[in-house]
Amino acid sequence: MSKIKIYGGKYLSGTVKIHGSKNACLPIMCASLLNKGKATIGNVPKIADVYNLLNIFSYLNVSYIFVDDFLVIDSSKLIYKDLLIDEVLKFRASYYLIGVFLALFGKCKIYYPGGCKLGERPLDYHFEAFKAMGYNVNCNENLIEIDGKLKNEHINITLKGNSVGATINTVFAAIFSNATIYNYSLEPEVIDTLDFLGKLGFKIIKNRSIEIFASIPKRSVKYKIIPDRIEALTYIIMALLCGNIKLENVNLLHIDYPIRTLILNNADIIMYKNVLCCNKSKVVPFSFDADLYPKIPTDAQPLFSILFLFNNGSAIIGDKVFKNRFSAPLELVHLGARINTMDNKIITNHSVFVSGSVKASDLRACAALFLFAIASPTNTIINNYEIIERGYADFLRNLKNLGVKYEIIE
Ligand code: EPZ
């Protein structure tokens, strides 16, 4: 197991450039296969999930090359293969290949995708949508097999619940048809994927529903991915805990609600165009439920929990998306975190910590544990720290430049 030791409590200072959004990049890379041509994608974060997806692309005869900040994907020689390879198990977004394969080949056989364990993560919304299109879905806990025939008529689908993945997968599967999709997710990563498809030449109108008009894509496309709002919130909270950090390449609109809520609660944050300056502050903890966009995102909820543990006051925190996503703050109880739990919520209180070791269980929990270890004037060993590389490009390099003292133990 990988281990890193953080010597916490240092004052941090410096500039961080926010990378492209992981959760927009992965579906956009998958969407780039739909034209069986060339896509040049800018702002691609060099993270493990991107490389895992590229390994799957190689297996499918899709070639790629990085040119500076751009990833050029050539899918002209894409072939169908069953997706029974280990890479599928390494991250959640491999499931976007189901929608793409249904659109291109009318079938897909794939291992049940892996990814962060955040409690139950069923795929029933996806499967119901595929069935409504005319497909047969057979699935067990290891394998998904979909085949059948796409309906030859206008397709109407109402998604069973609000889901980023189900929205994007349904759009992909229906992309060569005339279709209307209701109850779709409005997260910025979904909108970015729809915008990419539009740039690729597909006719899509988003209103109260998503309307897809059967069309033929262009042979090539150039597109730049939106900045990662969760990466931005991670460094903002790091600054509020530990020093002053200037963030570049931020889309302020995508984090407007969380930022304004922080400012209302005493956070020293100054915004200008796509730059944000953030200073160490005594933030007043506030109660909230992580929720759909534009509210505080579930992926940032563990980060806010850590912020509150270092500040005077109590807050009740819930999560309407993943109801029990509290592994990071609860992992700190043995080091001194004063947390009470009640009915799928936690109550955070100002805490004083001792040195010790913790274990990261998923990507955002890992980011939260890094925030803790950097802020606490103690020494912390984080086990499994390499999970961070799944979603944060240049993370350790940024920490070093900001003044964090750490040592990789193994
Ligand atoms: C995406 O996951 C993100 N992952 C997650 O980020 C993020 O936490 C989540 O959206 C919510 O914003 C990627 O984009 C790769 P959902 P996704 O379908 O699409 C339930 C990270 O750390 N649901 O929007 O899998 C589900 O259990 C990751 O970057 C069903 O019940 O999430 C959850 O409670 C972690 N059935 C809720 O809906 C389904 O078929 C929302 O999940 C689908 C979802």
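The values are calculated or read from the model by the stated rules, or taken from the named source; none is laboratory data. Computed from a predicted structure; not experimentally measured. Quick reminder, even Gly has a Cβ in these numbers, built from the backbone with ideal geometry, and neighbours come from all protein chains shown.
Odds and ends about this structure:
- Looking only at residues in the range 129-162 that are more than 23 Å from Tyr111 (Cα to Cα) and more than 23 Å from the chain's Cα centre (by Cα), the one that is surrounded by the most Cβ atoms within 10 Å (Cβ to Cβ) is Ile157.
- When we screen Asn138, Asn142 for residues that are away from the ligand (no atom under 11 Å from the Cβ) and free of Cβ contacts under 8 Å to residues at least 12 places away in the same chain, the only hit is Asn138.
- Residue within the range 103-116 that is in contact with a helix residue (DSSP H, G or I) (Cβ under 6 Å, 6 or more places away or on another chain) and either free of Cβ contacts under 8 Å to residues at least 24 places away in the same chain or within 11 Å of Leu33 (Cα to Cα) (or both) present: yes
- Taking the listed residues Gly165, Gly243, the one that is touching a residue at least 60 places away in the same chain (Cβ under 8 Å), within 28 Å of Asp74 (Cα to Cα) and surrounded by 15 or more Cβ atoms within 10 Å (Cβ to Cβ) is Gly165, with no other qualifying.
- Qualifying residue in the range 316-331 (condition: under 24 Å from Tyr406 (Cα atoms), more than 11 Å from the ligand (Cβ to nearest atom) and assigned to a strand (DSSP E or B)): no
- Leu335 vs. criteria surrounded by 24 or more Cβ atoms within 10 Å (Cβ to Cβ) and either in contact (Cβ under 8 Å) with a residue 24 or more places away in the chain or touching a Cys at 6+ places or on another chain (Cβ under 9 Å) (or both): no
- Here Ile346 fits the description: in a strand (DSSP E or B), of a type in the set (A, V, I, L, M) and in contact with a strand residue (DSSP E or B) (Cβ under 6 Å, 6 or more places away or on another chain).
- Against the numbered list (1) among the aromatic types (Phe, Trp, Tyr); (2) touching a strand residue (DSSP E or B) at 6+ places or on another chain (Cβ under 6 Å); (3) free of Cβ contacts under 8 Å to residues at least 24 places away in the same chain, Phe70 comes up short only at (3).
- If you go through the range 181-211 and keep only what is more than 13 Å from the ligand (Cβ to nearest atom), closer than 17 Å to Ala129 by Cβ and touching a helix residue (DSSP H, G or I) at 6+ places or on another chain (Cβ under 9 Å), you end up with Ile181, Leu194, Leu197, Ile204, Lys206, Ile210.
- Criterion: in contact with a Leu (Cβ under 8 Å, 6 or more places away or on another chain) and under 21 Å from Phe322 (Cα atoms) - qualifying residue of Leu159, Leu233: Leu233
- Residues within the range 204-252 that are charged (D, E, K, R) and under 30 Å from Leu262 (Cα atoms), tallied: 6
- Failed criterion for Thr348 (all others in (1) over 24 Å from the mean Cα position of the chain (by Cα); (2) free of Cβ contacts under 8 Å to residues at least 60 places away in the same chain hold): (2)
- The criterion of being touching a residue at least 40 places away in the same chain (Cβ under 8 Å) and not charged (D, E, K, R) does not hold for Ser327.
To keep it simple, each residue is scored yes or no on (1) at pLDDT below 95; (2) closer than 25 Å to Ile245 by Cβ; (3) acidic (Asp, Glu); (4) more than 16 Å from the ligand (Cβ to nearest atom).
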{"site": "Ile270", "(1), (2), (3), (4)": "no, yes, no, yes"}
{"site": "Gln301", "(1), (2), (3), (4)": "no, yes, no, no"}
{"site": "Phe304", "(1), (2), (3), (4)": "no, yes, no, no"}
{"site": "Val333", "(1), (2), (3), (4)": "no, no, no, yes"}
{"site": "Ala368", "(1), (2), (3), (4)": "no, yes, no, no"}
{"site": "Phe372", "(1), (2), (3), (4)": "no, yes, no, yes"}
{"site": "Asn383", "(1), (2), (3), (4)": "no, no, no, yes"}
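- Scanning the range 352-365 for residues that are surrounded by 19 or more Cβ atoms within 10 Å (Cβ to Cβ) and in contact with a strand residue (DSSP E or B) (Cβ under 7 Å, 6 or more places away or on another chain) yields Val358, Ala360.
- Flag if Ile28 is within 15 Å of the ligand (Cβ to nearest atom), among the β-branched types (Val, Ile, Thr), closer than 30 Å to Asn401 by Cα and in contact with a helix residue (DSSP H, G or I) (Cβ under 6 Å, 6 or more places away or on another chain): no
- Residue within the range 163-176 that is among the aromatic types (Phe, Trp, Tyr), within 16 Å of the ligand (Cβ to nearest atom) and touching an Asp or Glu at 6+ places or on another chain (Cβ under 8 Å) present: no
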